[in-house]
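The values are calculated or read from the model by the stated rules, or taken from the named source; none is laboratory data. Predicted, not measured: the structure shown is a model, and the values here were computed from it. A quick note on method: Cβ atoms are made from the backbone with ideal geometry, for glycine too, and the neighbour counts reach across all protein chains shown.
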Amino acid sequence: MTHARPLPQRRRPAALVLAAAAASVAACEPEPSPVIQLLPIPAEVRPQPADTFLISAETPVVVDSADAEAERIAGFLVDWVANRLEERPAILRDEPPQGPHLRLTRDPALDSLGEEGYTLTVDRDSVVIRSAAAAGLYYGVQTLRQLLPPAVEYTAAFPVPLTVPGIRVADTPRYPWRGAMLDVARHFFAPGEVKRFIDLMALHKLNRLHLHLSDDQGWRIEVPGWPNLTTIGGSTEVGGGPGGHYTAEEYADLIRYAAERYVTVVPEIDMPGHINAALASYPGLNCDGRAPELYTGTEVGFSALCTEKEITWTFLQDVIREVSAANPGPWFHVGGDEVPSLPEDVYAEFMRRVAGLVRENGKTMVAWDEVAANLPGSGTVVQLWRPAPWHAPGETPQDTARRRIASEQRSEVVGAQEAGARFILSPASRFYLDMKATPEQVLGLQWAGIPDLRDTYDWDPDTHMAVLRPESILGVEGPLWTETAGTLEDLEYLAFPRLAAIAEFGWSPRERRDWRHFRMRVGAQSARWIALGVNFRRSPLVPWESGPPDP
Ligand code: TNX
């Protein structure tokens, strides 16, 4: 199953209601050129209005003769256009023909754009995507997809003319780490739901899916030799629902599905805190030998591993080895957040030992903010979550920077940077997708703020994290914690449109980011989200589309 909901929902009353309000906000805004509706905005893009390309069932997609991966990528493109043509266009492994064609080709001369960079040229006779590596071809295809009519996202077989506006794009991402985190521990999400989330990530050129696989409320991945983790620890979730877990096969299938879309899964096993589900599964892991009850509430910070017990280290060795083996990607996220019950030195020693286990398994350690105070090894990736200060009305960005929220965080971060850390930016007040976007919203929390789309989009690390050198920023990530989100609809409502802002933050060059332009492009691409049935929040800040008309 690729989509949890097979039937796209074409129109939502909320869109129509808000469209009128948004239109009045939009009245004074410039219309973006119809071809620059791309999300994220490419590094360089030039419309060629005279050069429209028409795709028909006779238009082949040509790939280099030895390039099986390009052929696979071309398959995505052909699937979309085939939704709107009488027949499926052919994929040829050959030299381009004389007639109109689409072409995906590797070009070593484009090395300077990196593995994920590409060029896309649409003129009257051809559409050509070039890249030094396959990832770039994939992202070029995603850009081309966003230029196609949104109706290509429907599977119903009503033909529409498939015109592609003339354009020249040269593109490459700002950061290598462009992530979203999904908390499948507080509420469990089935493989099909995670796949749907991956599809939506890929559309926006996001490339890291951080899966928060364990927490107080649930343990979601099988570990050979420790069956209770899933049979007991995985048996519930927030609110007392049935929970669930991924079998080894399901997990491997998810990894594969993500990899096919150039998304690398970053597994997180949160330790030494956020660990009640494991403690409830094995009495021996507890200092007093007694298992606590399973937990279905939403408090944080009450559980911790018994760090001095030998069994704890046997457990951690097995878990880190097995979870590392199940994940081909180079990262292992060890959590490390919110453990007030452990003294600082015990915490630091624990993290140091864990860093050794992660290293032994050939992985790079990722951990939350708290690890910065005592960096357990150079090369550790620190995910900064503490809220960024709000830009108060009347304040200059420099004032805001001076009013930095926690000065000790600043010195910790400087220290960690000096010790060789790299950083992922996830400031809760801007990037936490589980925060409400308006006070009236039922879904979501608000401990870090109430960020609407503009709060997520319209800032720069330089204005509040001036201590970070650009080269120590690995990228950005939007965490979606699920204390309040139990369904795919909930996830989508919290994630969109804000995840698109994070995607643009991660992909587009700083000088191309512009709020007024962004909100128009979000509005324009929303017809595609509607075609895909995405349950996005109709923020009044955006001039929403009402979706493509029925054929
Ligand atoms: C903080 S920030 C947490 C999570 C919660 C989240 C809710 C961090 C590393 N931990 O345990 O789910 O807030 O917004």
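Descriptive notes on the structure:
- Residue count, segment 333-346 (criterion: closer than 21 Å to Val263 by Cβ and more than 16 Å from the ligand (Cβ to nearest atom)): 0
- Beta carbons closer than 7 Å, at least 6 apart along the sequence or on distinct chains, pair a first residue in segment 442-459 that is closer than 19 Å to Leu491 by Cβ and touching a residue at least 60 places away in the same chain (Cβ under 8 Å) with a second that is of a type in the set (Gly, Ala, Ser) and away from the ligand (no atom under 12 Å from the Cβ) for Asp452/Ala437; Asp452/Ser539; Leu453/Ala501; Leu453/Ser539.
- Filter pass, Arg186 being of a type in the set (D, E, K, R), touching a residue at least 24 places away in the same chain (Cβ under 8 Å) and in a strand (DSSP E or B): no
- Segment 61-92: number of residues that are surrounded by fewer than 19 Cβ atoms within 10 Å (Cβ to Cβ) and in contact with a His (Cβ under 6 Å, 6 or more places away or on another chain): 0
- Within segment 326-348, the only residue that satisfies the criterion of being assigned to a helix (DSSP H, G or I) and free of Cβ contacts under 8 Å to residues at least 12 places away in the same chain is Asp345.
- Within segment 442-453, if we keep just the residues that are in a loop (DSSP other than H, G, I, E, B) and more than 14 Å from the ligand (Cβ to nearest atom), the residue that is surrounded by the most Cβ atoms within 10 Å (Cβ to Cβ) turns out to be Asp452.
- Scanning segment 137-162 for residues that are assigned to a helix (DSSP H, G or I) and touching a Lys or Arg at 6+ places or on another chain (Cβ under 8 Å) gives Leu137, Tyr138, Tyr139, Gly140, Gln142, Gln146, Pro150, Ala151, Val152, Glu153.
- Evaluating Pro96 against the criteria (1) in a loop (DSSP other than H, G, I, E, B); (2) touching a residue at least 60 places away in the same chain (Cβ under 8 Å) leaves one unmet condition, (2).
- Which numbered condition Pro387 misses (of (1) in contact with a helix residue (DSSP H, G or I) (Cβ under 7 Å, 6 or more places away or on another chain); (2) within 16 Å of the ligand (Cβ to nearest atom); (3) assigned to a loop (DSSP other than H, G, I, E, B); (4) over 28 Å from Val263 (Cα atoms)): (4)
- When residues of segment 169-191 are limited to those that are of a type in the set (A, V, I, L, M) and within 16 Å of the ligand (Cβ to nearest atom), the one farthest from Arg512 (Cα to Cα): Ala185
- Among the residues of segment 253-278, those that are under 18 Å from Ile320 (Cβ atoms) and part of a helix (DSSP H, G or I) comprise Ile255, Ala277, Ala278.
- Which numbered condition Glu249 misses (of (1) crowded, with 18+ Cβ neighbours inside 10 Å; (2) more than 16 Å from the ligand (Cβ to nearest atom); (3) at negative phi): (1)
- When the residues of segment 192-224 are filtered to those that are basic (Lys, Arg) and closer than 30 Å to Ser131 by Cβ, the one that is nearest to the ligand (Cβ to nearest atom) is Arg208.
For (1) part of a helix (DSSP H, G or I); (2) within 18 Å of Leu206 (Cα to Cα); (3) within 16 Å of the ligand (Cβ to nearest atom), each residue gets a yes or a no:
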| residue | (1), (2), (3) |
| --- | --- |
| Glu440 | no, no, no |
| Asp455 | yes, no, yes |
| Glu471 | yes, no, no |
| Gly478 | no, yes, yes |
| Glu483 | no, no, yes |
| Gly486 | no, no, yes |
| Gln525 | yes, yes, no |
| Asn535 | no, no, no |
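- Tally, over segment 111-136, of residues that are in contact with a helix residue (DSSP H, G or I) (Cβ under 7 Å, 6 or more places away or on another chain) and either at pLDDT below 95 or in a helix (DSSP H, G or I) (or both): 3
- Residue that is nearest to the ligand (Cβ to nearest atom) [pool: residues in segment 426-438 that are out of contact with any Phe, Trp or Tyr (no Cβ under 7 Å at 6 or more places or on another chain) and of a type in the set (A, V, I, L, M, F, W, C)]: Met435
- Any hit, segment 493-510, residues being within 16 Å of the ligand (Cβ to nearest atom) and farther than 18 Å from Pro427 by Cβ: yes
- Among the numbered conditions (1) part of a helix (DSSP H, G or I); (2) surrounded by 24 or more Cβ atoms within 10 Å (Cβ to Cβ), the only one that Asp490 does not meet is (2).
- Among the residues listed as Thr298, Thr307, the single one being more than 22 Å from the chain's Cα centre (by Cα), part of a loop (DSSP other than H, G, I, E, B) and over 15 Å from Met271 (Cα atoms): Thr298
- Residue among Arg353, Arg359 that alone is out of contact with any strand residue (DSSP E or B) (no Cβ under 9 Å at 6 or more places or on another chain) and basic (Lys, Arg): Arg353
- Residues located in segment 115-144, provided they are more than 23 Å from Ile36 (Cα to Cα) and in contact (Cβ under 8 Å) with a residue 40 or more places away in the chain: Ala134
- Where Ile530 falls short, out of the listed (1) more than 28 Å from Asp216 (Cα to Cα); (2) surrounded by fewer than 22 Cβ atoms within 10 Å (Cβ to Cβ): (2)
- Of the residues screened, Val319 is one that is in contact with a helix residue (DSSP H, G or I) (Cβ under 9 Å, 6 or more places away or on another chain), crowded, with 19+ Cβ neighbours inside 10 Å and hydrophobic (A, V, I, L, M, F, W, C).
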